[in-house]
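Engineer: Handing you this structure, nothing more for now.
The values are calculated or read from the model by the stated rules, or taken from the named source; none is laboratory data. Note that the coordinates shown come from a computational prediction; the quantities given were computed from them, not determined experimentally. Cβ coordinates were reconstructed from backbone atoms using ideal geometry, including for glycine residues, and neighbour counts include every protein chain displayed. Protein only, heavy atoms only, side chains kept; ligands, DNA and RNA dropped before computing areas. Shrake-Rupley method; radii C 1.70, N 1.55, O 1.52, S 1.80 Å.
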Amino acid sequence: MFRWNTQHPSPMPSHRYRDVHSRVAVPLSERDWPSKRLTHAPLWVPVDLRDGNQALAEPMDPARKRRFFELMVEIGYQEIEVGYPSASRTDYDFVRLIAETDLAPEDVTIVVFTPARRDLIERTVESVRGITNDVVIHMYTPTAPLWRDVVLGRTRDQVKELVVAGGSDILELAGDLPNVRFEFSPEVFNLTEPDFILDLCATMTTLWEASPDRPVILNLPATVEVATPNVYADQIEYMHKNLDRRDSVILSVHPHNDRGTGIACAELAVLAGAQRVEGCIFGNGERTGNVDIATLALNLHAQGIDPMIDFSDIDRIRRTVEHCTRLPVHERHPYVGALVHTAFSGTHQDAIHKGFTEHRSRAAALGVPEHELEWQLPYLPIDPADLGRDYEAVIRVNSQSGKGGIAYLLSTEHGIELPRRLQIDFARHVQHHTDDTGGEITGDELWTLLQQVYLNCPAVRGEVLEHFCRTTATGEVLTFVEYSGADGRGWIGGRGPTEQAATKDALSRVDPTKLTA
Ligand SMILES: CC(=O)SCCNC(=O)CCNC(=O)[C@H](O)C(C)(C)COP(=O)(O)OP(=O)(O)OC[C@H]1O[C@@H](n2cnc3c(N)ncnc32)[C@H](O)[C@@H]1OP(=O)(O)O
Ligand SMILES: CC(C)C(=O)C(=O)O
């Protein structure tokens, strides 16, 4: 039999790891999420100022925190985790700044984060005193077996006591503040026994008297991503179906990206019943990061669903985020990377070029502005213009490119539409050039090469077959003549202020002895 797979066992010690199903039970047997659809945006909660910040070698200074917060407000986030006020003076002072100024518009909810430790809870509650906005006090505790054993050194019952003690402290210190609500996160939810999570969540919603008017946020983090996204979706759907007081709970998720599938986890979790998603804009965060809530939002946009956040100037957002985190956003990062709307390869460029032409003529035929017309372009999942990008970088030419890309650059940057047969001829010259240099060739360099090859070359001898006139973006006219010479067919050009002058120039360079005009 044909041996089509010739891979060998690797020397990697994979036997050291256990699969997720032997680490945690996932009791869901009938699942609804696979047949559900995304129809609207969940409540997004950026945690860049807390979870993202705690992952930076150099945490944000007050000016950076403020700039980031202002950006989040400006683009539409309505609930923002602003810090871990008991952990550092910067975080505490930032919460006080919100209390003492009008930095936060009144409809923005402020979230502060605390562990279940009375001294730290006291400091947290102190930090939010005087804030008139809605406030969420977010308490977390490790609950997964490894964390119970190794980090806390407590049994399940003792962890429950810790959670109840923390929850009671919060209630005692902030329960009478009418603008304050509560959030609980069992840390490493995805590795904790489901019955324990249900027990802790029921205990907290009872203790905090969750009601539809004062719902409790239960945030179920994949603190460390350990399974395929369908497993997380099953875990979330199980909670969605079995949580106590479900109508008084806002079910939230907080995926990380250790396996590179944080986005899929969040999307499937929303299908499974999650209503709120915590993450970071462009995915900063511990290790491989928190889930990227910009990509999540734009994935909705690309499906025709309003993300409720304004990414229409994505490069300005990127620059601000890069400034605040001091981390660069990768060129291939979905939606925002410098190269994500660019095609270098010939067949893709050809398709995009044709797609733009079709788009323009469809818009004209329907009498609809191009930026309003339904988007159907090959290889471009969304219109870069929706994100404030122009079309300049959509096509870039190197040795992988073909005539379509070259023609596109000459057309968009120099206003000149080459006839198809000339495109084919010129593409051979460009290919030699890019093979020699090994690099990219810009629109201006293509223009220079075009002039070298056809306009600044010596005259030729041959018989004129056909000629084409083209007007450039600067108004100059170029005439290209196809001729048949001793070595076969070729092209040569001439230029002038008018068609007549350009044609006369071009024809004179084919065979001056036959010139009659
Ligand atoms: C998943 C997450 O993102 S969780 C957030 C993580 N973020 C941070 O840790 C950033 C800010 N943290 C800090 O500044 C500090 O760790 C502080 C101020 C919170 C505590 O500092 P320290 O008192 O010096 O404690 P340290 O950090 O060394 O150790 C943590 C202690 O808290 C315990 N602990 C950890 N999580 C929790 C929790 N959620 N609730 C209660 N206790 C906790 C640990 O078991 C350990 O206890 P031990 O000292 O008895 O062994
Ligand atoms: C405690 C929660 C919210 C968290 O940051 C995590 O698990 O990553």
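Engineer: Collect the residues in region 351-368 that are over 15 Å from E417 (Cβ atoms) and surrounded by 12 or more Cβ atoms within 10 Å (Cβ to Cβ), keeping them in residue-number order.
Structural biologist: Step one: list which residues in region 351-368 are over 15 Å from E417 (Cβ atoms), which gives 351-352, 355, 358-359, 362-368.
Hits for region 351-368 are A351, I352, G355, E358, H359, R362, A363, V368.
Engineer: Restricting the search to region 228-254, which residues are outside any strand (DSSP E or B) and either outside the structural domain of P46 (by the TED database) or under 26 Å from the mean Cα position of the chain (by Cα) (or both)?
Structural biologist: Of the residues in region 228-254, the ones outside any strand (DSSP E or B) are 228-248.
Hits for region 228-254 are T228, P229, N230, V231, Y232, A233, D234, Q235, I236, E237.
Engineer: Which condition number does E225 fail, the rest of (1) closer than 15 Å to V24 by Cα; (2) more than 16 Å from ligand 1 (Cβ to nearest atom) being met?
Structural biologist: (2)
Engineer: Sticking with this structure for a sec: Could you please give the count of residues in region 158-174 that are surrounded by 15 or more Cβ atoms within 10 Å (Cβ to Cβ) and away from ligand 1 (no atom under 15 Å from the Cβ)?
Structural biologist: 3
Engineer: Same structure, new question: Find the residue count for region 197-223, including only residues that are of a type outside the set (V, I, T) and surrounded by 18 or more Cβ atoms within 10 Å (Cβ to Cβ).
Structural biologist: Our first condition is that a residue be of a type outside the set (V, I, T); within region 197-223, this holds for 198-202, 204, 207-215, 218-222.
Among the residues that remain, those that are also surrounded by 18 or more Cβ atoms within 10 Å (Cβ to Cβ) are: 200-201, 204, 207-208, 210, 215, 218-222.
Qualifying residue count for the region: 12.
Engineer: Oh, and also: If you check Q78, Q7, which single one turns out to be open to solvent by 70 Å² or more (accessible area, probe 1.4 Å) and in contact with a strand residue (DSSP E or B) (Cβ under 7 Å, 6 or more places away or on another chain)?
Structural biologist: Every option except Q78 fails the conditions.
Engineer: Just a yes or no: is a residue in region 270-278 more than 16 Å from ligand 1 (Cβ to nearest atom) and either assigned to a helix (DSSP H, G or I) or among the acidic types (D, E) (or both)?
Structural biologist: Taking every residue of region 270-278 in turn, at least one turns out to be more than 16 Å from ligand 1 (Cβ to nearest atom) and either assigned to a helix (DSSP H, G or I) or among the acidic types (D, E) (or both).
Engineer: Then there is this: Do you know which residues across region 284-317 are more than 22 Å from L380 (Cβ to Cβ) and within 16 Å of ligand 2 (Cβ to nearest atom)? Walk me through how you get there before you give the answer.
Structural biologist: First pass over region 284-317, keeping only residues more than 22 Å from L380 (Cβ to Cβ): 284-291, 293, 308.
If the condition is that a residue be more than 22 Å from L380 (Cβ to Cβ) and within 16 Å of ligand 2 (Cβ to nearest atom), then N284, G285, E286, R287, T288, G289, N290, V291, I293 are the ones that fit.
Engineer: Still on this structure, please answer the following. So in region 242-251, with the set limited to residues that are in contact with a Leu (Cβ under 8 Å, 6 or more places away or on another chain), open to solvent by 10 Å² or more (accessible area, probe 1.4 Å) and not acidic (D, E), which one is farthest from ligand 2 (Cβ to nearest atom)?
Structural biologist: Looking only at region 242-251, we keep the residues that are in contact with a Leu (Cβ under 8 Å, 6 or more places away or on another chain), and these are 242-244, 249-251.
Checking which are open to solvent by 10 Å² or more (accessible area, probe 1.4 Å) leaves us with 242-244, 250.
If we keep only those that are not acidic (D, E) as well, we get 242-243, 250.
Working: N242: 21, L243: 17, I250: 14 Å.
Filtering first and then ranking leaves N242.
Engineer: Looking at region 105-139, which of its residues are open to solvent by 20 Å² or more (accessible area, probe 1.4 Å), more than 16 Å from ligand 2 (Cβ to nearest atom) and touching a strand residue (DSSP E or B) at 6+ places or on another chain (Cβ under 9 Å)?
Structural biologist: Listed by number, the residues that qualify are R123, D134.
Engineer: Here is a follow-up. Is it fair to say N190 is among the polar types (S, T, N, Q), within 15 Å of ligand 2 (Cβ to nearest atom) and modelled with pLDDT of 95 or more?
Structural biologist: Values: among the polar types (S, T, N, Q): yes; within 15 Å of ligand 2 (Cβ to nearest atom): yes; modelled with pLDDT of 95 or more: yes.
In short, yes.
Engineer: Mind checking which residues of region 18-49 are within 16 Å of ligand 1 (Cβ to nearest atom) and either among the aliphatic types (A, V, I, L, M) or not in a strand (DSSP E or B) (or both)? Walk me through how you get there before you give the answer.
Structural biologist: Of region 18-49, the ones within 16 Å of ligand 1 (Cβ to nearest atom) are 45-49.
If the condition is that a residue be within 16 Å of ligand 1 (Cβ to nearest atom) and either among the aliphatic types (A, V, I, L, M) or not in a strand (DSSP E or B) (or both), then V45, V47, D48, L49 are the ones that fit.
Engineer: Any chance region 437-454 includes a residue that's farther than 27 Å from T347 by Cβ, assigned to a loop (DSSP other than H, G, I, E, B), touching a strand residue (DSSP E or B) at 6+ places or on another chain (Cβ under 9 Å) and at pLDDT 95 or above?
Structural biologist: Checking region 437-454: not a single residue is farther than 27 Å from T347 by Cβ, assigned to a loop (DSSP other than H, G, I, E, B), touching a strand residue (DSSP E or B) at 6+ places or on another chain (Cβ under 9 Å) and at pLDDT 95 or above.
Engineer: Being within 16 Å of ligand 1 (Cβ to nearest atom) and crowded, with 16+ Cβ neighbours inside 10 Å: is that true of T155 here? Full working, then the answer.
Structural biologist: Numbers: within 16 Å of ligand 1 (Cβ to nearest atom): yes; crowded, with 16+ Cβ neighbours inside 10 Å: no.
So T155 fails the test.
Engineer: Has region 51-58 got at least one residue that is assigned by the TED database to the domain that holds T295, in contact (Cβ under 8 Å) with a residue 60 or more places away in the chain, within 16 Å of ligand 2 (Cβ to nearest atom) and among the aliphatic types (A, V, I, L, M)?
Structural biologist: Yes; the residues of region 51-58 include at least one that is assigned by the TED database to the domain that holds T295, in contact (Cβ under 8 Å) with a residue 60 or more places away in the chain, within 16 Å of ligand 2 (Cβ to nearest atom) and among the aliphatic types (A, V, I, L, M).
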